[in-house]
Amino acid sequence: MPEPMNSPTNQVYPVIWHNDSVSLIDQTRLPNEYAFVEIHRCEDMATAIKTMIVRGAPAIGVAAAYGMYLGAREIETSDRHEFLERLDKVAQLLRSTRPTAVNLFWAISRMLKTAYESVGNVEEIKQILLQTALAINSEDLQTCRAIGDNGLKVLPDTREKLTILTHCNAGALATAGYGTALGVVRSAWREGRLARVFADETRPRLQGAKLTAWECVQEGIPVTVITDSMAAHCMKQGFIDAVVVGADRIAANGDTANKIGTYSLALVSKAHNIPFFVAAPLSTVDFELPDGSKIPIEERHPAEIYQIGDTILTPSAVEFYNPAFDVTPAELITAIITESGAFGPGELKKYREKQVI
Ligand code: MRU
């Protein structure tokens with residue numbers, strides 16, 4: 001396996017602009033293979049998002065921003081009106097890839113708005129779009145570092161070194177780098193406040209077992225992988241001091257969509273009086289939705305449930321239901337940790353009214 005490091009600081013960057021194309025870490029091949037896929041065309045970026053070569057809410061936002069530039073680059077016209085019309089089609093294609101993570105839609109809207117508001121000719125607009133995608137990429141990295149550091153302010157001080165349970169992968173791989181939930185973990189590790197991470201394996205796609213565990217190993221953070229059904233037992237045993245998860249979309253009242261299994265984790269955290277934190281950038285908050293009931297939940301192919309490798313796990317003629325996300329009600333969330341601080345779920349709206357975000 002090639003060295004996982006792609007910077008002198010030993011950081012993992014899942015989406016990199018380089019040599020006039022986008023390099024994506026192929027997350028479907030981790031942890032056994034560390035390989036990159038080169039993306040030159042918008043259509044290939046759409047496929048990479050759909051097939052989860054790149055995944056995680058902020059990372060697919062960054063990938064979609066580059067996808068918008070790649071799509072813009074393919075448009076051969078000097079007519080501004082025609083260019084913008086065709087750019088709308090590029091946006092439609094990218095929007096159709098995955099429905100739940102709002103960061104995807106946020107990044108595409110920001111790219112479109114930039115194009116519409118640019119006064120230059122078509123070639124100039126294309127260059128501005130590339131600069132905007134690069135900015136979205138580097139802003140996300142800064143945002144994750146701020147989330148990590150803000151997390152330190154709200155983690156419990158019940159023990160000198162904490163054990164944190166996380167679900168899915170909300171790490172460097174799921175963002176521009178550093179991570180949201182794993183950003184908090186990384187900051188706690190750096191400050192000597194972390195003993196260990198418990199990573200839920202996260203059925204059916206196993207992002208916890210494959211990706212979170214891999215990231216922790218790269219960084220030398222002690223990690224214990226458990227199956228999702230073991231979380232309550234581990235809490236009862238007193239192994240867990242706090243739960244920190246990421247988010248795909250947060251409604252204005254704080255209801256939070258995240259990887260399937262997050263809701264049950266929040267319920268068992270409540271039952272054991274363990275703080276339950278959501279770590280996410282403010283771009284994950286969808287203020288258009290008053291609560292979580294209207295968050296679109298992606299359903300994925302049943303093979304993710306009934307098949308592992310070449311092995312079929314279930315009898316034929318059964319039915320499947322494979323929602324990729326669930327919604328955790330705001331009242332189960334201790335705080336939402338963002339780049340601008342940690343908020344009680346009900347405080348998000350008030351914060352927005354005071355600031356323009
Ligand atoms: O289906 P995935 O792997 O894209 O789901 C990822 C998650 O649910 C993450 O927890 C979420 O996107 C936050 S990533 C910082």
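The values are calculated or read from the model by the stated rules, or taken from the named source; none is laboratory data. Quantities reported herein were computed from a predicted structural model and do not represent experimental measurements. Backbone-built Cβ (ideal geometry, glycine too); neighbour counts: all protein chains shown. Side chains are part of the model used for accessible areas, which takes the heavy atoms of the whole protein and leaves out ligands, DNA and RNA. Shrake-Rupley method; radii C 1.70, N 1.55, O 1.52, S 1.80 Å.
Could you tell me what percent of the accessible area of the stretch 242-357 is made up of carbon and sulfur, with a 1.4 Å probe and every protein chain present? C and S atoms contribute 53 percent here. Loop only per DSSP, at most 10 neighbouring Cβ atoms within 10 Å: give me the GluC sites (Glu not before Pro) in the stretch 54-122, ordered by residue number. Listed in order of number, the matching sites are 76.
Over the chain, what relative contact order in percent results from Cα pairs under 8 Å that are six or more residues apart? If you can, show how the numbers build up before the last one.
Numbers: 731 pairs, mean separation 55.5, N = 357.
RCO, the chain: 16 percent.
The listed residues 294, 350 rank as 294, 350 when sorted by accessible area, largest first, using a 1.4 Å probe. The stretch 288-315 to the stretch 149-175: how many Å between their Cα centroids? Using only Cα atoms to place each centre, the spacing works out to 26 Å. The listed residues 149, 200 rank as 149, 200 when sorted by accessible area, largest first, using a 1.4 Å probe.
With the whole protein complex present, residue 81 retains an accessible surface near 130 Å², based on a 1.4 Å probe. Phi angles across the stretch 194-203 convert, under the Karplus curve 6.51 cos²θ - 1.76 cosθ + 1.60 with θ = phi - 60°, into 3J(HN,Hα) values of 10, 8, 6, 10, 9, 10, 4, 5, 6, 5 Hz, Gly and Pro given as x. For residue 111, the accessible area of its heavy atoms, probed at 1.4 Å with every protein chain present, is near 0 square angstrom. Helices meeting the span-like rule in the chain (full DSSP H runs, Cα extent of at least 24 Å along the helix axis, mean Kyte-Doolittle score of 0.0 or higher): 57-74, 122-154. Pairs with C-alpha atoms separated by more than 31 Å, drawn from the list 113/210; 294/350; 236/259; 50/113; 89/210; 210/354, are 113/210; 89/210; 210/354.
Sort 207-214, 21-28 by the packing proxy (mean of other Cβ within 10 Å over each peptide's residues), most packed first. Intermediate results must be reported in sequence, preceding the final value.
Values: 207-214: 25.1, 21-28: 20.9.
For the peptides 207-214, 21-28, the packing ranking is 207-214, 21-28.
Per-residue Karplus couplings for the stretch 250-257, computed as 6.51 cos²θ - 1.76 cosθ + 1.60 with θ equal to phi - 60°, are listed in order as 10, 6, 4, 8, x, 4, 10, 8 Hz, Gly and Pro entered as x.
Output the relative contact order of the stretch 127-214, whole-number percent, from Cα pairs under 8 angstrom with separation of 6+ residues. Kindly include the intermediate steps, with their values, before the conclusion.
Values: 123 pairs, mean separation 27.3, N = 88.
Relative contact order of the stretch 127-214: 31 percent.
Rolling a 1.4 Å probe over the heavy atoms of the protein chains gives the chain an accessible area of 43 Å² per residue.
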